[in-house]
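Just below is one structure, and these are the notes that go with it.
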Amino acid sequence: MKHFFLCFLLSLTCLLLSAQQLIHAHNDYQKPDPLINALRYKVFAIEADIYLLDNKILVAHDKKELATAPTLDSLYLQPIIKLFKQHKGTISADKNYAPALMIDIKENGEGVIAALIKLLSSHRSVFDRSVNKKALQIVISGDRTISSKWSSYPTYILFDGRPYENYDSAAIKRIAFISDSYTKYVNSQDSTTQLKELVQKVHAMGKLLRLWAANDNPQSWKKLQQLGVDIINTDKVTECRKYFDH
């Protein structure tokens with residue numbers, strides 16, 4: 001087992017060194033040119049906060065926005081489906097690019113997932129990697145339901161894990177990556193050690209790590225990268241990509 005983890009970490013390191021820095025487009029829907037700008041800069045994951053209202057999945061940060069909120073289908077799913085048709089099975093002209101759409105459910109996780117499956121089930125070649133290896137992954141965050149239920153959902157529904165939760169082997173297979181708040185690790189005198197231990201723990205699970213609520217500037221991005229955090233969470237996609245690619 002120890003040998004396996006060593007090999008995994010070596011492979012992961014080589015992968016990350018040879019590829020672009022992974023970037024998470026936090027609250028993408030609030031930014032100018034949602035989806036398109038994130039794809040332009042080849043983010044790893046695109047985040048949309050959602051609520052279920054009158055059997056419609058609406059994209060909004062707060063309930064007070066629901067009266068004028070767009071649907072997930074109109075803002076993300078249909079444009080994604082159109083892009084897959086345009087590029088003949090991939091989301092862009094880059095045939096190696098296959099991002100994720102992270103859906104942050106604010107409440108009623110079971111109801112939202114049921115409604116989401118209805119929207120996705122007839123477009124498996126776009127959202128299911130068992131059908132198309134370049135499909136866009138769907139990752140559920142927020143109200144994710146209990147992990148013991150995850151394996152009962154279609155395999156194209158993945159989940160955003162937490163480092164402090166315990167998972168059985170079936171649940172582990174359904175985790176796309178692990179996320180946590182950066183603020184939990186910076187209030188102690190030995191925050192760097194805590195963060196390095198967190199990175200090691202997540203990598204030992206065979207997963208990538210994302211931290212939210214960190215400072216969103218080049219100094220912070222560099223620090224997170226040096227600590228081994230795999231996915232940089234940012235509201236500044238353009239600036240972040242240009243920083244890492246300069």
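All of the numbers you see were taken from the coordinates with simple rules; none came from a lab. Nothing here was measured: the structure is a model prediction, and the numbers come from that model. Using ideal geometry, Cβ is built from the backbone for each residue, glycine included, and neighbour counts are taken over all protein chains shown.
Can you tell me the FRET efficiency between Ala19 and Thr193 if r is taken as the Cβ-Cβ distance and R0 is 22 Å, rounded to the nearest 0.05? Don't skip to the end; give the middle numbers.
Working: r = 27 Å, r/R0 = 1.24.
For R0 = 22 Å, the calculated efficiency reads 0.20.
From the P(r) of the stretch 2-245, can you give the percent of Cα pairs sitting at distances over 30 Å?
Numbers: 7109 of 29646 pairs.
That fraction is 24 percent.
State whether the stretch 155-246 is rounded, prolate or oblate according to the following rule on the C-alpha gyration tensor (a ≥ b ≥ c being the square roots of its eigenvalues): a/c under 1.5 gives rounded; otherwise a/b larger than b/c gives prolate, and the remaining case gives oblate. Walk me through the numbers on the way to the answer.
Working: a/c = 2.24, a/b = 1.36, b/c = 1.65.
Because a/c hits 1.5 or more and a/b fails to exceed b/c, the stretch 155-246 counts as oblate.
Taking 7 Å along the Cα-to-C-beta vector as the label spot, tell me the Lys133-Asn108 distance in nanometres, rounded to one decimal.
Each label point is offset 7 Å from its Cα along the Cβ direction, giving 4.0 nm.
So, R0 is 25 Å and r is the distance between the beta-carbons of Lys173 and Lys118; what FRET efficiency does that work out to, to 0.05?
0.60
For Lys63 and Ser181 in the same chain, what is the full-extension length gain: residue separation times 0.36 nm, less their Cα-Cα distance, in nm? Let's see the in-between values first.
On the way: separation 118, 0.36 × 118 = 42.48 nm, distance 2.29 nm.
Roughly 40.2 nm would be gained on extension.
How much FRET efficiency would the formula 1/(1 + (r/R0)^6) give for Ser152 and Asn27, where r is the Cβ-Cβ distance and R0 is 35 Å, rounded to 0.05? Mind showing how you got there, number by number?
On the way: r = 29 Å, r/R0 = 0.84.
My answer for the efficiency is 0.75.
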